[in-house]
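Asker: What follows is a structure written as structure tokens; I'll ask about it next.
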There are 2 protein chains.
Amino acid sequence: MKRNKSIGVFDSGFGGLSILKGIVKTLPEYDYIYLGDTARAPYGARTKETILEFTKQAVDFLFQKNCGLIIIACNSASSDALRKIQREYITKKYPGLKVLGVLIPGAEESALVTKNKKIGVIATEATVFSKSFEREFYKIDPKIKIYQRACPLLAPIVEEGQEDKDSTEIIIKDYLEFFRNKDIDTLILGCTHYGILKEKIIKNMPYKVQVVCESDVIGKKLEGYLARHLEIEKNISKNGKRVFFTTDTTTRFEKLGSKFFGKKIEVKKANLLGGVASK
Amino acid sequence: MKRNKSIGVFDSGFGGLSILKGIVKTLPEYDYIYLGDTARAPYGARTKETILEFTKQAVDFLFQKNCGLIIIACNSASSDALRKIQREYITKKYPGLKVLGVLIPGAEESALVTKNKKIGVIATEATVFSKSFEREFYKIDPKIKIYQRACPLLAPIVEEGQEDKDSTEIIIKDYLEFFRNKDIDTLILGCTHYGILKEKIIKNMPYKVQVVCESDVIGKKLEGYLARHLEIEKNISKNGKRVFFTTDTTTRFEKLGSKFFGKKIEVKKANLLGGVASK
């Protein structure tokens, strides 16, 4: 088979663009299609049933656009929805195609860098309540203790471009106070939006920790995955193309999206709304 | 014709329940159907095209449930989408049926109570950017000067149940600082979510003002409307029924919704997602 497929990257909004940025830094040669469901972002406070439904619609859209592999670059969707989609949905509807998440790469990297085996996680409510990080760390090393803090306002703050407000720093400080007596040596930014707040998070932690940002590790992890799965890699085209889709209007996405991706992007409208539903 | 129709109340999420509460206080005898699009709330940062699309889906759903009149209890949707829906959509697709908003009743009430004709508005970005309050006040009294402040984080704060956090008060204080030199004597809470923050808003205003909350005035306004439109009123059944629908899961809606409505509610799932789309 000729190389004619793309790598799909899906996020609820803009946050996943920082993941894509991290991926193309390591693997610039491949073709990528990004989908941001900005019309319905953020997902962090939605229930797992709704996140599953939205994520299925996104997966359908990206496979219809001829993706050979999809990265769910949204922790809220990587938590509950991903496992259900991998086990029950993809195997039946799209045999041979793969959907991966961002949660496991971040957890694996943190397990490597922690010395005292005490790891903190900040994430959305959906991710924290799903207990996905607990499950993954238990598989990696049951001795690791994790401390999770849901930060429900941080994704809306970033989606709405409020990150430089004074109140944002106060909110971050308030959330991070939770870790004061926890003695963690590593903190995972468990939501793709938080990368853009990284400096403020480091500044407002009550003590010094190593910060693991999924966008910094995802490129290497994907490189390893593709090297182990040549049956997928051999189909991905290598023209360095990037195509961006949003469910909201393209002008807003182009403006805010460039901030996350680090360069100007051109965006097309994706019609998921009332359209490609899977049921 | 027999009285067999309901009054529909639509909001992006929970905020409209405070509007419904205000309506049933004045008009308890009628039957009501509430729809909260919690799976896609809040709407305040969405573009007008997306809000229009979502609102059309909601209107379709409520008319299919045999509503004779719909109140769009969401300022973001009442701003841009409402006029388009009234003019282009309802007249063609549902002749004889009516859709009303919450923005005009709030504006009219404020115009009545202001003495110095300087009125402040706090609302979502969608509402402020739509210039709907400017337009309405210009029609009511061109001498009224209005000062608008978008408060993009307040709706997410309320949707996520964060209203008693210390950081919430800091955020409110920060937003209201805008009015310090404006000399307004009246402040409209131009988003249905803000009613739940009313005490905190009064406390954190730099000086004393009259606060106009749409949920306090909507009941009387609707009473007047129905008295003037008996061709609609005569079809609305009077069994005191209340039916609640959500697009997200019902358990979360029952829990948070009761807070807004002031009493326990039972909720059904509305399938707008990928379903009743209007195009």
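The values are calculated or read from the model by the stated rules, or taken from the named source; none is laboratory data. Every value quoted in this text rests on a predicted model; they were computed, and no experiment measured them. Note that each Cβ is placed from the backbone with ideal geometry, even for glycine, and that neighbours are counted across all protein chains shown.
Asker: Counting residues that are within 14 Å of another protein chain (Cβ to nearest Cβ) and of a type outside the set (Ser, Thr, Tyr), which helices (runs of 4 or more DSSP H) fully inside the range A:1-118 reach at least 1?
Answerer: Of the helices (runs of 4 or more DSSP H) lying wholly inside the range A:1-118, those with at least 1 residues that are within 14 Å of another protein chain (Cβ to nearest Cβ) and of a type outside the set (Ser, Thr, Tyr) span A:48-64.
Asker: Can you pull out every residue in the range B:110-143 that is surrounded by fewer than 20 Cβ atoms within 10 Å (Cβ to Cβ) and either in contact with a strand residue (DSSP E or B) (Cβ under 8 Å, 6 or more places away or on another chain) or within 11 Å of B:SER79 (Cβ to Cβ) (or both)?
Answerer: Result: B:ALA111, B:VAL113, B:LYS117, B:LYS118, B:GLU125, B:PHE129, B:LYS131, B:GLU134, B:ARG135.
Asker: Of all helices (runs of 4 or more DSSP H) completely enclosed by the range A:156-239, which ones contain at least 2 residues that are in the same structural domain as A:CYS67 (by TED's automatic domain parsing)?
Answerer: A:214-228, A:230-233
Asker: Now for a different question. Just the residues that are at the interface with another protein chain (Cβ under 9 Å from one of its Cβ atoms) and of a type in the set (Asp, Glu), please, taken from the range A:158-179.
Answerer: A:GLU159, A:GLU160, A:ASP166, A:ASP174
Asker: Do you know which residues across the range B:184-209 are without any contact (Cβ under 8 Å) to a residue 40 or more places away in the chain and farther than 22 Å from B:ALA126 by Cβ?
Answerer: B:GLU199, B:LYS200, B:ILE202, B:LYS203, B:ASN204, B:MET205, B:PRO206, B:TYR207, B:LYS208
Condition check ((1) more than 30 Å from B:ARG252 (Cβ to Cβ); (2) outside the structural domain of B:LYS259 (by TED's automatic domain parsing); (3) free of Cβ contacts under 8 Å to residues at least 60 places away in the same chain; (4) hydrophobic (A, V, I, L, M, F, W, C)) across all residues:
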position	(1), (2), (3), (4)
B:SER78	no, no, yes, no
B:ALA111	yes, yes, yes, yes
B:THR114	yes, yes, no, no
B:ILE146	yes, yes, yes, yes
B:PRO152	no, yes, no, no
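Asker: Another one. Out of the residues in the range B:227-263 that are within 18 Å of the chain's Cα centre (by Cα) and charged (D, E, K, R), which is surrounded by the most Cβ atoms within 10 Å (Cβ to Cβ)?
Answerer: If we take residues in the range B:227-263 being within 18 Å of the chain's Cα centre (by Cα) and charged (D, E, K, R), then B:ARG242 is surrounded by the most Cβ atoms within 10 Å (Cβ to Cβ).
Asker: Right, another one. Go through the range B:148-174 residue by residue and tally those that are under 23 Å from B:SER110 (Cβ atoms) and either crowded, with 20+ Cβ neighbours inside 10 Å or under 18 Å from the mean Cα position of the chain (by Cα) (or both).
Answerer: The qualifying residues number 9.
Asker: Also, quick follow-up: From the list B:GLY190, B:GLY195, B:GLY224, which one is surrounded by fewer than 17 Cβ atoms within 10 Å (Cβ to Cβ) and more than 14 Å from chain A (Cβ to nearest Cβ)?
Answerer: B:GLY224
Asker: Report the residue count in the range A:162-183 for those that are in contact (Cβ under 8 Å) with a residue 24 or more places away in the chain and in contact with a Lys or Arg (Cβ under 8 Å, 6 or more places away or on another chain).
Answerer: 10
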